[in-house]
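Single-structure report; data block below.
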Amino acid sequence: MPEIKLPQGTINYRDSGDGRPVVFVHGLLVDSTVWRKVIAELQSDVRCIAPDLPLGSHRRAMDPDADITPRGVARLVGDFLAALDLEDVTLVGNDTGGAISQLVALDHGERVGRLVLTNCDCFDVFPPKEFAGMVKAASIPGALYAALQPMRAAAARRTSKAFGGLAHEIPDDVTRSWVEPALHDAGVRADLVRFLKAMDKSITLDAAERLPGLAIPALIAWGQADRFFANELGERLAATIPNARLEPVADARTFVAEDAPEALAELMRGFVRERAAQAA
């Protein structure tokens, strides 16, 4: 994987295909491989760029003084776009990465031309109530490390309280690769703790108040079988962002890119082409 040095530290990223740049933003305790199926569908049409962000599954800890808060990670994504000199980016966010993508578009959006949000934190859901315990554990020394220990077992990772609730089926080797960095690297775990301790719905509520001023077009591709992010949240996002279109994705859970990659890729392909034609 290529790597790039940013003010916050060095990150790895995936970069494949040619054409208009599409940058994928993942959420907590996953990495860029959560987008692997969609990238395989799209890389013949667009340039697909997916950074491994410091959200607990990254392989390289950030600098000790790096700002690893939601707003700080949004700034990091903006710095990443600038470092690669990307323009007219289609920014795609999922889960926690959807909240980060909203902040990027609102606060560091000079290089962002379009926004795609799949099921994600927004409004007063940051995090979903089912994951509030993880946020609380981050404030108790050693508690998060202890909470992660069951994730060493594939069976535990498949449960509805873990990755099993986020997608219908994810290969065990993929979920193992997601949890190993936080289990084995204290620096990675420290980055995760810093982010979790800073999570608060006031951040996404503030973003929601500003979303009506977002001038770029948006696609809201919302999985309809999600137990963590209700369908109503996608409807509210589409109603709040002025130039947004809601596209329900049948039978997909939180990780729409895992459950319905072909459907999501087709929606994104049409969205990028439509906006490119309008720009021309």
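Residue check: is Ala225 under 23 Å from Pro128 (Cα atoms), modelled with pLDDT of 95 or more, aliphatic (A, V, I, L, M) and surrounded by fewer than 24 Cβ atoms within 10 Å (Cβ to Cβ)? Break it down into steps so the answer makes sense when it comes.
Working: under 23 Å from Pro128 (Cα atoms): yes; modelled with pLDDT of 95 or more: yes; aliphatic (A, V, I, L, M): yes; surrounded by fewer than 24 Cβ atoms within 10 Å (Cβ to Cβ): yes.
Judged against the criteria, Ala225 is a match.
What are the residues in the range 67-76 that are out of contact with any His (no Cβ under 7 Å at 6 or more places or on another chain) and open to solvent by less than 10 Å² (accessible area, probe 1.4 Å), if any? It would help to see each step written out before you state the result.
Of all residues in the range 67-76, those out of contact with any His (no Cβ under 7 Å at 6 or more places or on another chain) come to 67-73, 76.
Matches in the range 67-76: Ile68, Pro70, Gly72, Val73, Leu76.
Would you pick out the residues in the range 214-235 that are farther than 16 Å from Asn94 by Cα and in contact (Cβ under 8 Å) with a residue 60 or more places away in the chain?
Leu214, Ile216, Pro217, listed by residue number.
What is the residue count in the range 146-170 for residues that are loosely packed, with under 15 Cβ neighbours inside 10 Å and in a helix (DSSP H, G or I)?
First pass over the range 146-170, keeping only residues loosely packed, with under 15 Cβ neighbours inside 10 Å: 146, 149-150, 152-155, 159-161, 168-169.
Filter again for in a helix (DSSP H, G or I), leaving 146, 149-150, 152, 154-155.
The qualifying residues number 6.
Could you please tell me which pairs satisfy a Cβ distance under 8 Å, a separation of 6+ or placement on different chains, a first residue in the range 186-208 that is over 17 Å from Asp52 (Cα atoms), and a second residue that is of a type in the set (Asp, Glu) and open to solvent by 10 Å² or more (accessible area, probe 1.4 Å)?
Close Cβ pairs satisfying both conditions: Lys201/Asp124; Thr204/Asp124; Leu205/Asp124.
Which residue out of Gly72, Gly17 is closer than 23 Å to Val179 by Cα and among the small types (Gly, Ala, Ser)?
Gly72
Which numbered condition in (1) more than 19 Å from Leu103 (Cα to Cα); (2) surrounded by fewer than 24 Cβ atoms within 10 Å (Cβ to Cβ) is the only one that Met62 fails?
Met62 satisfies all of (1) more than 19 Å from Leu103 (Cα to Cα); (2) surrounded by fewer than 24 Cβ atoms within 10 Å (Cβ to Cβ) except (2).
Suppose we keep only residues that are of a type outside the set (Phe, Trp, Tyr) and assigned to a loop (DSSP other than H, G, I, E, B) within the range 102-123. Which one would you say is surrounded by the fewest Cβ atoms within 10 Å (Cβ to Cβ)?
Of all residues in the range 102-123, those of a type outside the set (Phe, Trp, Tyr) come to 102-122.
Going one step further and asking which of them are assigned to a loop (DSSP other than H, G, I, E, B), we end up with 108, 121.
Details: His108: 19, Asp121: 30.
Ranking the qualifying residues of the range 102-123, first place goes to His108.
Tell me which strands (runs of 3 or more DSSP E) are completely within the range 1-101 and hold 3 or more residues being touching a Lys or Arg at 6+ places or on another chain (Cβ under 9 Å), or say none if there are none.
Working: elements: 3-6, 9-16, 21-25, 47-51, 89-95.
Correct list: 9-16, 21-25, 47-51, 89-95.
Answer with yes or no whether Glu258 is in contact (Cβ under 8 Å) with a residue 40 or more places away in the chain, crowded, with 22+ Cβ neighbours inside 10 Å and not hydroxyl-bearing (Ser, Thr, Tyr).
Working: in contact (Cβ under 8 Å) with a residue 40 or more places away in the chain: yes; crowded, with 22+ Cβ neighbours inside 10 Å: yes; not hydroxyl-bearing (Ser, Thr, Tyr): yes.
When the stated conditions are applied, Glu258 passes them.
Hey, can you tell me all the residues within the range 171-184 that are touching a His at 6+ places or on another chain (Cβ under 9 Å) and either free of Cβ contacts under 8 Å to residues at least 40 places away in the same chain or open to solvent by 50 Å² or more (accessible area, probe 1.4 Å) (or both)?
none
What tally of residues in the range 134-145 results from selecting those that are open to solvent by less than 50 Å² (accessible area, probe 1.4 Å) and assigned to a helix (DSSP H, G or I)?
Taking the range 134-145 first, the residues open to solvent by less than 50 Å² (accessible area, probe 1.4 Å) are 135, 137-138, 143-144.
Going one step further and asking which of them are assigned to a helix (DSSP H, G or I), we end up with 135, 137, 143-144.
Residues in the range 134-145 being open to solvent by less than 50 Å² (accessible area, probe 1.4 Å) and assigned to a helix (DSSP H, G or I): 4 in total.
Can Arg269 be described as open to solvent by 30 Å² or more (accessible area, probe 1.4 Å) and in contact with an Asp or Glu (Cβ under 9 Å, 6 or more places away or on another chain)? Even if it seems obvious, please write down each step before you answer.
Working: open to solvent by 30 Å² or more (accessible area, probe 1.4 Å): yes; in contact with an Asp or Glu (Cβ under 9 Å, 6 or more places away or on another chain): yes.
So Arg269 passes the test.
Mind listing whichever residues of the range 230-246 are open to solvent by 10 Å² or more (accessible area, probe 1.4 Å) and in contact with a Gly (Cβ under 9 Å, 6 or more places away or on another chain)?
Asn231, Pro242, Leu246
In the range 64-106, which residues are hydroxyl-bearing (Ser, Thr, Tyr) and within 22 Å of Phe229 (Cα to Cα)? Steps first, answer last, please.
If we filter the range 64-106 for residues that are hydroxyl-bearing (Ser, Thr, Tyr), which is where we start, we get 69, 90, 96, 101.
Passing the criteria: Thr69, Thr96, Ser101.
So, in the range 77-101, how many residues would count as being more than 23 Å from Leu237 (Cβ to Cβ) and either among the polar types (S, T, N, Q) or open to solvent by less than 10 Å² (accessible area, probe 1.4 Å) (or both)?
Filtering the range 77-101 for residues more than 23 Å from Leu237 (Cβ to Cβ) gives 79-80, 82-87.
From the residues that got through so far, the ones that are either among the polar types (S, T, N, Q) or open to solvent by less than 10 Å² (accessible area, probe 1.4 Å) (or both) too are 80, 86.
Count: 2.
Which pairs have Cβ atoms under 9 Å, sit 6 or more apart or on different chains, and link a residue in the range 72-95 that is free of Cβ contacts under 8 Å to residues at least 12 places away in the same chain to one that is charged (D, E, K, R) and open to solvent by 10 Å² or more (accessible area, probe 1.4 Å)?
Within 9 Å, the pairs are Asp85/Arg111.
The values are calculated or read from the model by the stated rules, or taken from the named source; none is laboratory data. Small disclaimer: the values here were computed from a predicted structure and weren't measured. Backbone-built Cβ (ideal geometry, glycine too); neighbour counts: all protein chains shown. These accessible areas exclude ligands, DNA and RNA; they are computed on the full protein's heavy atoms, side chains included. Shrake-Rupley method; radii C 1.70, N 1.55, O 1.52, S 1.80 Å.
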